[in-house]
Ligand code: GMT
């Protein structure tokens, strides 16, 4: 198949999933064309049958444009690439604005070269941004006009029906996936450079936005730190990083918290960790949690959104209600203090992640493409 993929190319789960999907599809013999304003962050080196088409943003400084109409440039590029590369379908990730630009591109192509549009819903496109009054109607319209729509969890599918009640459109759940070779206990970074030898190592990775509750990460850590020697490594950046730094100072644990900023490759850190911490307010899937589990690192998380579809509480991780820092810390300490239980949980986490391996999930996308294309 010849497939166009549009996603946000910067750090974030939807861009990561879209890029890994494209790379895997290409390994399976498909031709994949990424269409976005910058090369996706996980697309770092040459890969056979993978192409990148940049959306031209040179007009963004034109004085009339207080608000640059990127969506028009994107729709135009999707149209051009689909025509030039004879694409059969456009698979767009994150509804806003990608489902809308794909709709426009498909309309432009209708007579010359009909294509199908598949939209994958990822999270806040449905749970937050799409429900804002200014985006609601166009998000609903663009979902309904897609030829196929997938959601990354049952939670997100249910939430889409609840919030938008899309008409004449059947959502399919295809969960996120992980490459078990890249994300494996075998790729662990050396612990020496990360934490003192007698410390437990806790890791958090996110975009440090409000939904991630990064202050809770520090609060959980501070309680663990009271019970045992431990280091917290925080990876990523975003608006709430400053708050997390202040919280660490206020709670007197700043000397044991390390902020590494954004990193392209996180598997070695995840694999070196004893526990991954994800106390989010909402998480439609929690790709970072899956990646940690694939590395054999159990996750202590909030029982929210799609996380209970991934983590089996008490078996391969820990789930507690949003904001229950006390309970999350207490249960994390119980596991970290008990080497046999910790080892069991590590193994169970890796085994659970195997249900979401690229070998299992990517063929589901291929089958869905065939279904939408009617062949
Ligand atoms: O919706 C967002 O907040 C951004 C989005 C992204 O691009 O990173 O994250 C969502 O998509 C990921 C990939 O499918 C999921 O793993 C995340 O759980 C989801 N984030 C939220 O639901 C908050």
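Every number in this text was worked out from the coordinates using simple rules, so none of it is lab data. Not measured: the values here are computed from a predicted model. Positions of Cβ are backbone-derived with ideal geometry, glycine not excepted, and every protein chain shown enters the neighbour counts.
General remarks:
- Between the Cα long axis of helix 339-354 and the first principal axis of the chain there is an angle of about 10°, rounded to the nearest 10.
- Cα shape, the stretch 220-271, gyration tensor, a/c 1.5 rule: oblate
- Summary of the geometry: the stretch 100-167 and the stretch 277-305, compared by the centres of their Cα atoms, lie 25 Å apart.
- Between helix 133-145 and the chain: long-axis angle, C-alpha atoms, 0 to 90°, nearest 10: 60 degrees
- Note on residue 44 and residue 86: with the Förster distance fixed at 22 Å, the Cβ-Cβ geometry gives a FRET efficiency of about 0.20.
- Extension gain, residue 138-residue 250: 0.36 nm per intervening residue step, less the Cα-Cα distance, totals 35.9 nm.
- Using the Cβ-Cβ distance between residue 341 and residue 56 with R0 = 56 Å, the FRET efficiency computed as 1/(1 + (r/R0)^6) comes to roughly 0.50.
- At 1.002 mPa s and 20 °C, Stokes diffusion of the stretch 5-104 via Kirkwood alpha-carbon radius, µm² per second: 154 µm²/s
- When the square roots of the Cα gyration tensor eigenvalues are ordered a ≥ b ≥ c, the ratio a/c for the stretch 300-375 is 1.5 or more and a/b does not exceed b/c, which makes its shape oblate.
- Virtual spin-label span in nm between residue 315 and residue 66, 7 Å along Cα→Cβ: 5.5 nm
- Spin-label pair residue 173-residue 190: with each label point 7 Å from Cα along the Cα-Cβ axis, the two points sit 4.4 nm from one another.
- Using a Förster distance of 41 Å, the FRET efficiency for residue 197-residue 281 (Cβ separation, nearest 0.05): 0.70
- All distinct Cα pairs of the chain go into the 1/r average, and the inverse of that average, the Kirkwood radius, is 21.4 Å.
- Base-10 log of normalised Debye intensity for the stretch 42-81 (one unit scatterer per alpha-carbon) at q = 0.16, 0.27, 0.35 Å⁻¹: -0.54, -0.92, -1.15
- Here is how the number arises for the chain: DSSP H runs of 4 or more residues each give -39500 (n - 2.57), the sum is divided by the residue count, and the result at 222 nm is -13000 deg cm²/dmol.
- Prolate/oblate/rounded call for the stretch 193-279, Cα gyration tensor, a/c under 1.5 rounded: oblate
- Relative to the longest principal axis of the Cα atoms of the chain, the long axis of helix 13-27 makes an angle of roughly 70 degrees.
- Over every Cα atom in the stretch 208-350, the radius of gyration and the widest Cα-Cα span, Dmax, amount to 13.7, 39 Å.
- GNM result for the chain, Cα springs below 10 Å: residue of 194, 64, 90 fluctuating most strongly: 64
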